[in-house]
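Just so it is clear, none of the values below were taken in a lab; they were calculated from the coordinates. From a predicted model like this one, the values you see are computed outputs, not experimental measurements. Cβ placement follows ideal geometry from the backbone for every residue including glycine, while neighbour counts extend to all protein chains displayed.
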Amino acid sequence: MLRLLLGFALALVLVGPVAEARTLDEILADGTVRVGVNPNLPPRALFNDQNEIDGFEPDVARAIAEKLGVELELIQVGSPDRIPFVAAGRVDFVMGAMSRKAGRALVIDYTVPLHSENYGIVTTEESGIEGLADLNSPDVTLVQVRGTTAIPFIRSQMPEANLLLLDNYTDRDRALAQGRADASFDGIDSMAFRLSVFPDRQWKIIPSPEWGVTYSGLGVQKGNYTLKDWLNVALYELHADGTIEELWEKWFLAPMATQVPFTPYF
Amino acid sequence: MAYTLQFGQVTPYLWYMAGGAWIALQLAGIAFLFGWAIGLVFAAVSEYGRGPLRWAVRGYVIFILNTPLLVQIFFIYFALPDVGILLGSYEAVAIGMALNASAYLTEIQRAGFRSLRRQELDAAETIGFSRVQTIRYVVLPHIVKVLFPPLSNQYIILTMTTSIAAIFGVEELTGRAYNINAETFRSLEIFSIAALYYVVLTFVASTVLYWIGHYFFRVQGKVF
């Protein structure tokens, strides 16, 4: 929360006075919608072979811009500054794994969910691991990234397991592929994509919905109801005709672990 | 915005961190001992060897001195498994640090050999010293006196370099500090204490090395 506020304050200093968000009419009149995506979280967004921003979020943003009948302008945001960007009106809405959290909702508004965010076990077929209960054993080594959210849970619920703590997710993936550890308990949404660089292992990804599933929506400036209401309708249509799931599977190489239940009431 | 230091929240972890300091001490000791032994042989080859063997050693030293330790350990930890050599975190870091230290210690000890003057050996021969006596009374006292300070420095540097091990899953002092930080968010307090542990480690090492140097090898020097 402190980091969030500090980031917000910093962004205010950088961008000057808070710009008013553009209403739906202003976006239509301008002919361009500005969308923030985070290319540091592949395959949500990434740089493709032509060095252009591509990925799940840009594809969804394209579909939304098409429905709106305007041009799309993609703007790079990072994890610390994605909320300041939308709060300061630099982008019309922001994507980038915007999981809904009460603290964040104090600063920005959320649309209905775009996708779910899931935790689970990443392991290989040969490990014989079937669920969380199999992890609490001295024969199991879990590899995690130092300082991430699952570690206190592992220490308290799986005290028997050995723990190997590495510096980042790429090192974690490689350690798993090289057999330094049997499994990892962490976010699983991008795992099929990440592990596709190690095709010779028989990967097994086991969702653990009992740990809790969060939902990510699009973030819009607080109080920008004209845009938010329209986006909710657009997202409903994109869920209902299967576009979102199709784009998810195209980029994440696996179905969404928890389907977003969509309803005509919102 | 005033930040209130809360050391009380991290005091329960002092022993846990002391355990990390002990691992740091071990790693530095292992890296130094092996690095020193390899460096001694390589320094002798560099100075007195000939042909391909000498060139191989020079190539090794130049390569190691001009690549970062982090990259060297990364190679040992993550690239070697692809050719079938899977080393544990501790072993990979210890070997990487020892190999890295060996290159520096080769150069330091080579300088020691170079500092010997022809006249000293001639003088020993003139007064009828045997080969063993020459080494015992002329060569060793001279080399040790020259080498002791830079070797001590290298040991101190190695102690602090052990913090790199945290990246490769070794739960030494820095790694443990990160772990506590992730649970308590008391970064200032934790890293101050970690820094204090490193100061204690290096101060104790400096003092011990000073006394050894002073009383056994008559090295002139001060801890401060």
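Before moving on, here are some points about what is shown:
- Simple label model, 7 Å out from Cα along Cβ direction - B:Arg118 to A:Leu72, nm: 7.9
- Convex hull per residue volume in Å³, alpha carbons only, for the protein assembly as shown: 211
- Of the residues A:Asp173, A:Asp92, the one with the fewest other Cβ atoms within 10 Å heads the list, and the complete ranking is A:Asp173, A:Asp92.
- Residues B:Ala56 and A:Glu126, FRET efficiency given R0 of 35 Å [Cβ-Cβ distance, rounded to 0.05]: 0.25
- Subtracting the Cα-Cα distance of A:Thr23 and A:Arg155 from 0.36 nm times their residue separation leaves 42.7 nm of extension gain.
- Pairs of alpha carbons in region A:119-211 whose separation is greater than 24 Å (percent): 8
- Footprinting exposure proxy ranking of A:Leu238, B:Leu86, fewest other C-beta atoms within 10 angstrom first, gives B:Leu86, A:Leu238.
- When each of A:Lys67/A:Lys250; A:Lys204/A:Lys250; A:Lys228/A:Lys250; A:Lys67/A:Lys101 is checked by Cα-Cα distance, pairs over 23 Å: A:Lys228/A:Lys250; A:Lys67/A:Lys101
- Under 19 Å from A:Lys222, Cα to Cα: aspartates and glutamates that are on another chain or at least 8 residues apart: A:Glu20, A:Asp25, A:Glu26, A:Asp81, A:Asp92, A:Asp109
- In plain terms, the residue of B:Lys145, A:Lys250 with the fewest other Cβ atoms within 10 Å comes first and the most crowded comes last, giving A:Lys250, B:Lys145.
- About its Cα centre, the dipole of chain A is roughly 900 debye, where the only charges are +1 on Lys and Arg Cβ and -1 on Asp and Glu Cβ.
- Calculated SAXS-style log₁₀ I(q)/I(0) at q = 0.08, 0.11 Å⁻¹ - region B:7-216, Debye, Cα scatterers: -0.37, -0.65
- The GNM of chain B, with springs linking C-alpha atoms under 10 angstrom apart, assigns the highest mean-square fluctuation among B:Glu120, B:Glu172, B:Glu91 to B:Glu120.
- Of the residues B:Ala21, B:Thr184, B:Phe63, the one whose Cα sits farthest toward the positive end of the charge dipole of chain B, with +1 on the Cβ of Lys and Arg and -1 on the Cβ of Asp and Glu, is B:Phe63.
- Net charge dipole size for the protein assembly as shown [Lys, Arg +1 and Asp, Glu -1 on Cβ; Debye, nearest 20]: 2980
- With the charge dipole of the protein assembly as shown set up from +1 on Lys and Arg Cβ and -1 on Asp and Glu Cβ about the Cα centre, the Cα lying farthest toward the positive end among the listed residues A:Gly212, B:Leu116, A:Pro80 is that of B:Leu116.
- FRET E, pair A:Lys222, B:Phe74, Förster distance 45 Å, beta-carbon r, rounded to 0.05: 0.50
- Among A:Val37, A:Val86, A:Val197: highest mean-square fluctuation, GNM of chain A, C-alpha pairs under 10 Å: A:Val197
- Proximal aspartates and glutamates to B:Lys145, defined as alpha-carbon separation beneath 17 angstrom and excluding residues fewer than eight positions away on the same chain: B:Glu107, B:Glu120
- The GNM of chain A, with springs linking C-alpha atoms under 10 angstrom apart, assigns the highest mean-square fluctuation among A:Gly31, A:Gly96, A:Gly187 to A:Gly31.
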